[in-house]
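These notes concern the structure reproduced below.
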Amino acid sequence: MSTICRLAVSLVLLAGCAGAPVAQQSPPPTMAVGAQYDTTHVYVAPDQFDRFVDSFIATFGGHKSKQGVFQVTPTPSQTMSQLVLTPAGSLSVFGFKTPIPYPFGLERTGYLVTDIDAAVKAARDNGADVSVAIFPDPIGKDAIVEWPGGVRMQLYWHTTAPDYAPLETVPENRVYVSAERADALVGGFVAFSHGTVVADVRDAPGIEIGRAGETFRRVRVSSPFGAMTVFATDGHLPFPFGRELTGYEVSNLPATLARARTAGATVLVPPFTSDGRTAALVQFPGGYIAEIHAPVTR
């Protein structure tokens, strides 16, 4: 085989070299940038904004960006906005000074992508509805997509690529859907994100959703965007289960909960153990509810 032909094969460019093997077409690359660039969207009242941000950082560590007031929606509005970066996950915090335009506030997460047009097309092609078409913001472009089961997320693209340190632990996007829509959600999101289903348990312990002694279906997904846990339930959920958007992994749960209490947070669900982790649900000043967990050590 000629040098030119070998080069063509090595680059998977089938340019007609005689005897060149037929290469399998690779799937398109993921548009995810990395879990450290994906944020939980937290909406709080302006008078609770600083208290919430400071409480969250006191609990998990990290730092915050400069606070500002911006228009981040395609129609007129004004919101306080700040990015919170912690070793356990990032937040985009909004404190609207004007009424919040629909459907903003219903999206749970923001995922940074390398190509907003391609990402929106891929989401649509895999079963998502584009509830807010692409629009410009002060630092790039955005859109909101809605997956089967009503799961909304925002897709971002930045004009200037950010550079954040990798996370120490990757948070999980905690999604509650009906049993009837779970397969459509999981299948569509896995295809969109180039993810994998790492666990699909049909009889997960009900204590994980506040219903000890019962079972439900729990699906864990891993993708270049991070982790997602899907809870397929009948919707009979005691407060605050279903209200938490994100689960944060820490190395020492008692110490983390102690810091949270000192910083003004309330432990709504005391620690319980299931599926190799001990977890609790916490409400921070301003109303944001989070799950916090640590691996069970043996």
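Please say if segment 140-184 is rounded, prolate or oblate, where rounded means a/c under 1.5 for a ≥ b ≥ c the square roots of the C-alpha gyration tensor eigenvalues, and otherwise the choice is prolate for a/b larger than b/c and oblate otherwise? In terms of gyration-tensor shape, oblate. Pull out a ≥ b ≥ c, the square roots of the eigenvalues of the alpha-carbon gyration tensor of segment 163-207, then state rounded if a/c is under 1.5, prolate if not and a/b is larger than b/c, and oblate in the remaining case. Oblate, since a/c reaches 1.5 and b/c is not below a/b. The residues neighbouring VAL170, those whose beta-carbon lies less than 11 Å from its own, together hold a net charge of -4 under the Lys/Arg +1, Asp/Glu -1 convention. Each of LEU237, THR256, LEU167 was scored by the projection of its Cα onto the charge dipole of segment 129-256, and the greatest displacement toward the positive side belongs to LEU237; charges sit on the C-beta of Lys, Arg, Asp and Glu. Restriction of the GluC sites (Glu not before Pro) in segment 152-201 to DSSP coil positions whose beta-carbon has at most 16 other beta-carbons within 10 angstrom yields GLU168, GLU180. Taking 7 Å steps out from each Cα toward its Cβ at THR215 and LYS97 produces label points 5.4 nm apart. Helix 253-262 and the long axis of the chain differ in direction by around 60°, with both axes built from C-alpha atoms. Simple rule: put +1 on each Lys or Arg Cβ and -1 on each Asp or Glu Cβ in the chain, find the dipole, and look at SER274, ALA32, ILE116; the Cα lying farthest toward the positive end is SER274.
Against the chain, whose longest principal axis comes from its Cα atoms, helix 182-193 is set at around 60 degrees.
Simple point charges give the picture: +1 on the Cβ of Lys and Arg, -1 on the Cβ of Asp and Glu, and for segment 172-295 a dipole about the Cα centre of about 280 debye. Charge dipole (Cα centre; +1 on Lys/Arg Cβ, -1 on Asp/Glu Cβ; no other charges) of the chain amounts to roughly 300 debye.
Taking other residues whose beta carbon is less than 10 angstrom from the beta carbon of LYS64, and scoring Lys, Arg as +1 and Asp, Glu as -1, yields -1. Count Lys and Arg as plus one, Asp and Glu as minus one, and take only other residues whose Cβ is under 12 Å from that of VAL130; the net charge is then -2.
Computed from Cα atoms, the angle from the helix 116-125 axis to the main principal axis of the chain rounds to 90 degrees. Rounded to whole Å, the principal axis extents of the Cα atoms in segment 38-148 read 41, 31, 25, largest first. Which of these values of Cα extents along the principal axes in Å was calculated from the structure shown: (1) 71, 48, 34; (2) 60, 43, 40; (3) 62, 44, 35? Read-out taken from this structure: (1).
Where Rh denotes the Kirkwood radius from the mean inverse Cα pair distance, what is Rg over Rh for segment 172-295?
On the way: Rg = 14.5 Å, Rh = 15.0 Å.
Computed over Cα atoms, the ratio is 0.97.
Of all lysines in the structure, the ones whose alpha carbon falls short of 26 Å from that of LYS97, not counting any fewer than 8 places away in one chain, are LYS64, LYS66, LYS141.
For the chain, the 222 nm mean residue ellipticity estimated from helices alone, with every DSSP H stretch of n ≥ 4 adding -39500 (n - 2.57) and the total spread over all residues, rounds to -5000 deg cm²/dmol.
Read-outs throughout are calculated quantities, based only on the coordinates presented, and are distinct from any laboratory measurement. From a predicted model like this one, the values you see are computed outputs, not experimental measurements. Note: ideal-geometry Cβ built from the backbone for every residue, glycine included; neighbour counts use all protein chains shown.
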